[in-house]
1. Using the Karplus curve 6.51 cos²θ - 1.76 cosθ + 1.60 with θ = phi - 60°, work out ³J(HN,Hα) for each residue of the stretch 82-92 in order, rounded to whole Hz, and write x for Gly and Pro.
2. Give the aspartates and glutamates whose C-alpha is closer than 20 Å to that of K156, dropping any in the same chain fewer than 8 places away, or say none.
3. Quote the relative contact order of the stretch 1-101 in percent (integer), defining contacts as alpha-carbon pairs under 8 Å separated by 6+ residues.
4. So if I take the centroid of the Cα atoms in the stretch 71-99 and the same for the stretch 34-66, what is the distance between those two points in Å?
5. Please give the solvent-accessible surface of L112 in Å², to the nearest 10, using a probe radius of 1.4 Å with every protein chain present.
6. Could you tell me which residue out of G194, A119, L166 lies farthest along the dipole of the chain toward its positive end? Charges go on the beta carbon: Lys and Arg +1, Asp and Glu -1, centred on the Cα centre.
7. Each label point is 7 Å from the Cα along the Cα-to-Cβ direction; what then is the distance between the points at R165 and E24, in nm?
8. Straight-line reach from K38: which aspartates and glutamates fall under 19 Å, measuring Cα to Cα and dropping same-chain residues less than 8 apart?
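The values are calculated or read from the model by the stated rules, or taken from the named source; none is laboratory data. Everything numeric in this text was worked out from a predicted model, so none of it was measured. Backbone-built Cβ (ideal geometry, glycine too); neighbour counts: all protein chains shown. Surface areas here come from the heavy atoms of the whole protein model, side chains and all, with no ligands, DNA or RNA. Shrake-Rupley method; radii C 1.70, N 1.55, O 1.52, S 1.80 Å.
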Amino acid sequence: MNIAVFVSGNGTNLQALINAERKEGLSGGKIALVVSNKPEAYALGRAKAAGIKTFVLEKKGFASREEYDKKTLERLRKEDIELVVLAGFMRILSAGFIDEYADRIINIHPSLLPDFKGAHGIKDAFEAGAGTTGVTVHFVAEELDSGPVILQEEVKIEQEDTLERLEEKIHKVEHKLYPKAVRLFVEGKLKVEGKKVKIKGE
Ligand code: GRF
């Protein structure tokens, strides 16, 4: 199954997926394409180093989000992409895109959704003085940081944690949880029922 990973920044989650594919495999899933809206994204270098094709599309020159997404969709069709994995992709997808890939787009968010949605999930939980936060992998719905939850894992915020330490703890969990979720998808074990995800065999 061909997978596209969408990135905008550092790409540590992309790297975790690349490493997982190399070491234990992704149950037959193959990262066939890395898509970025930022030509300067560090993640693109990671893709190239791993010999993965990249597709960079900047928003300038496009009249609308739909027009931009149409171009991306063309490329995804060409590469036979069956699963879209968002890994720090800082752009909202259009309704047309989400429709075409309904229940085949997943995202990772650094909090226990629905808590601490938005671009600063880790910092917001830290500053709120929460005792617990975590990581969520979910299917993408039109509303930002919503959609049926696939996997969640808690991360405790200890008294002695600094924001940097908490970020490290969260990323460590992300890098373990995302390959696991991708494998479940590729194995056909995820079934969306309304707002919930049933995992076969659990
Ligand atoms: C991760 O914390 C992820 O949860 C969020 O964006 C961050 C991306 O980090 N959606 P990286 O680019 O994978 O290092």
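1. Once θ is set to phi - 60°, the couplings for the stretch 82-92 become 10, 9, 10, 10, 8, 10, x, 8, 9, 9, 7 Hz.
2. K156 reaches D115, D124, E127, E164, E167, E168, E174.
3. Details: 162 pairs, mean separation 39.8, N = 101.
Reported as a whole number, the value is 39 percent.
4. What the calculation gives is 12 Å, centre to centre.
5. 40
6. Towards the positive end, the residue furthest out is G194.
7. Here the modelled spin labels are 2.8 nm apart.
8. E58, E66, E67, D69, E74
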